[in-house]
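Chemist: There's a structure below that I have some questions on.
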Amino acid sequence: MTAAGVDARGLSPEELQQVRDQLAAGRKPRVQFTDSAGQIAGQIGQVVQLTDPAESDEWVVVKFGRDELPFSPGDLRIAPKGAAARKATPASAPPEPGPDPVLSGPEFLIDKPLPARPAAAAPAQRNGSAAPKEGNDVTAARKAARPAKSKPVPALTVTLAYGDGEWTVAAQQGAKALARPYVIRPAEALRMVQLVDVPGVQEAVQQILAAERAEAEQQAQRLRAELAEIEARLAELGEAKS
């Protein structure tokens, strides 16, 4: 257990498989944020999606209030039965002014413990009230300073391919197909490759175009020869008729 009172071990592989099965069945499993999630530790959310772990460490999408944000498995745990959302621990008051920063250099609250409490707090301890621990204050300040997580933008991939004598172009963003492969002319494919300005790729495309051009010329020669034979046959038939 951590200082904030929420188990920070995160979701195990078995629990992640359980979440995946529940999503496949149309349910939204409830999870609780651990201390590594920052100020929202102890709050309850619902898992709505599991993205690709290879693209980001934060691939468990959780609905919290009106937002749907990605978190890492270490930020979450299976919500206990009957667990209710609790308020985040407020950050403690800023420390009293220290030495002159020009002489001692910059001082960061999250990098060192808070200064000792003044002597005025002693009566509260004599009356039986427990003084707050400095370690808890530092932990709360670190959680408050943690920046909000943003959902990563899926990668965009545009593919130019050649096969079976045809050039095709396709586009995909993450797992969503924006444009299925469609056929383009060889001249358009060559212009796209020239924009990339990679000599090796341009040479490969030019070799493919040269091979297609040679094959087309050979086919044209065969067709001319066949046409000449047909015209000669027509001429012979015309003479026989007269």
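The values are calculated or read from the model by the stated rules, or taken from the named source; none is laboratory data. Note that the coordinates shown come from a computational prediction; the quantities given were computed from them, not determined experimentally. Using ideal geometry, Cβ is built from the backbone for each residue, glycine included, and neighbour counts are taken over all protein chains shown. Please note that ligands, DNA and RNA were not included when accessible areas were found on the heavy atoms of the full protein model with its side chains. Shrake-Rupley method; radii C 1.70, N 1.55, O 1.52, S 1.80 Å.
Chemist: If each of GLU217 and SER150 carries a label point 7 Å out from its Cα toward its Cβ, how far apart are those two points in nm?
Modeler: Placing both labels 7 Å beyond Cα along the Cβ direction yields 5.5 nm.
Chemist: While we're on this one: Extending each Cα 7 Å along its Cβ direction at MET192 and ARG66, get the distance between those two points in nm, one decimal.
Modeler: 4.1 nm
Chemist: Also: Apply 1/(1 + (r/R0)^6) to the Cβ-Cβ distance of GLN202 and ALA161, taking R0 = 22 Å, and write down the FRET efficiency to the nearest 0.05.
Modeler: FRET efficiency, GLN202 to ALA161: 0.85.
Chemist: Residues of region 174-242: accessible area per residue at 1.4 Å, in Å²?
Modeler: Spelled out: the 1.4 Å probe surface of region 174-242, per residue, equals 85 Å².
Chemist: What does a probe at ALA179 reach in region 198-215, counting residues whose amide N is under 11 Å from the point 7 Å along Cα→Cβ?
Modeler: No residue qualifies, since no backbone N sits under 11 Å from the label point.
Chemist: Also: Does region 156-195 come out rounded, prolate or oblate, given a ≥ b ≥ c as the square roots of the eigenvalues of its C-alpha gyration tensor, rounded meaning a/c under 1.5 and, failing that, prolate meaning a/b above b/c?
Modeler: Note, shape of region 156-195 comes out oblate.
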